[in-house]
Amino acid sequence: MPITVTWYGHACIGLEVGEHRLLVDPFLTGNPLAAAAPDQLDPTVVLVSHGHGDHVGDALDIARRTGALVISNFEITNWFQAQGHANVHPQHIGGGFHYPFGYLKLTIAHHGSALPDGSYGGNPCGFLLASEGKKVYLACDTGLFYDMKLVGEEGLDLAVLPIGDNFTMGPDDALRAVKLLQPHRAVPIHYDTFDVIRQDPHAWAERVRAETTTEPVVLKPGESLTL
Ligand code: NI
Ligand code: MN
């Protein structure tokens, strides 16, 4: 069964695996590049990588409306429960769990995680999904770290990487990340949403093509690729 990966703008990614519709970091309201309105999306699972507003975004509203299972770190799932959304599954970095849609592991991310109301958001994370014989790594908001090499040892079909700089890896470090991860394909995200993270994804893609064997895939918000 194919996995369909859709970029909704900024760090919001949809992953469709058969009847399972995963939505990662749904920051749509207030996102000038959002490719969908929150009420247009009907996920069965919502993943939240960390507490910042450009990631938690519309997650609570969407989860309440759809009843979706919210997966995040323990502190953030507690926060969702405190807001009245009971359907959560807490994990933590290094831990994986077999869900009906695949095996999902939380990975290291070097970043912050306070929630918009100031609540403690635990440690930020990335996600590694193994499903349908494929592996997808979402680095989420992070700087470059050498342990990406360990993630790459899993054999990645796709890595989704921030390139915006300022808050996360910029183009130079995202290129180094590709070299550590060695995925078949790489999609750049987390750029252009705000002035301080303006980047040229095509220039980055050219460098990936020239210096690695990874195929860079530059999506426009709303576009998909199939694995
Ligand atoms: Ni952040
Ligand atoms: Mn962010």
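The values are calculated or read from the model by the stated rules, or taken from the named source; none is laboratory data. None of these values were measured; they are calculated from a predicted model. Cβ sites come from the backbone with ideal geometry, for glycine too, and all protein chains shown count toward neighbours. Please note that ligands, DNA and RNA were not included when accessible areas were found on the heavy atoms of the full protein model with its side chains. Shrake-Rupley method; radii C 1.70, N 1.55, O 1.52, S 1.80 Å.
Things to note:
- Candidate set from region 159-190 (those that are open to solvent by 10 Å² or more (accessible area, probe 1.4 Å) and in contact with a Ser or Thr (Cβ under 9 Å, 6 or more places away or on another chain)); member that is nearest to ligand 1 (Cβ to nearest atom): Thr168
- Of the residues making up region 34-51, those that are open to solvent by 20 Å² or more (accessible area, probe 1.4 Å) and either within 16 Å of ligand 1 (Cβ to nearest atom) or outside any loop (DSSP other than H, G, I, E, B) (or both) are Pro38, Asp39, Gln40.
Here is a yes/no grid of residues against (1) more than 18 Å from His111 (Cα to Cα); (2) of a type in the set (A, V, I, L, M, F, W, C):
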| position | (1), (2) |
| --- | --- |
| Met169 | no, yes |
| Lys179 | yes, no |
| Arg185 | yes, no |
| His190 | no, no |
| Asp195 | yes, no |
| Arg198 | yes, no |
| Ala205 | yes, yes |
| Ala210 | yes, yes |
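- A Cβ distance below 8 Å, combined with a sequence gap of six or more or placement on separate chains, defines the contacts here; from region 108-119, residues that are in contact (Cβ under 8 Å) with a residue 12 or more places away in the chain reach residues that are loosely packed, with under 15 Cβ neighbours inside 10 Å and not in a loop (DSSP other than H, G, I, E, B) in the pairs Pro116/Gly53.
Matching residues to (1) within 16 Å of ligand 1 (Cβ to nearest atom); (2) surrounded by fewer than 19 Cβ atoms within 10 Å (Cβ to Cβ); (3) not in a loop (DSSP other than H, G, I, E, B):
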residue	(1), (2), (3)
Pro26	yes, no, no
Asp54	yes, no, yes
Asp61	no, yes, yes
Val70	no, no, yes
Gly84	no, yes, no
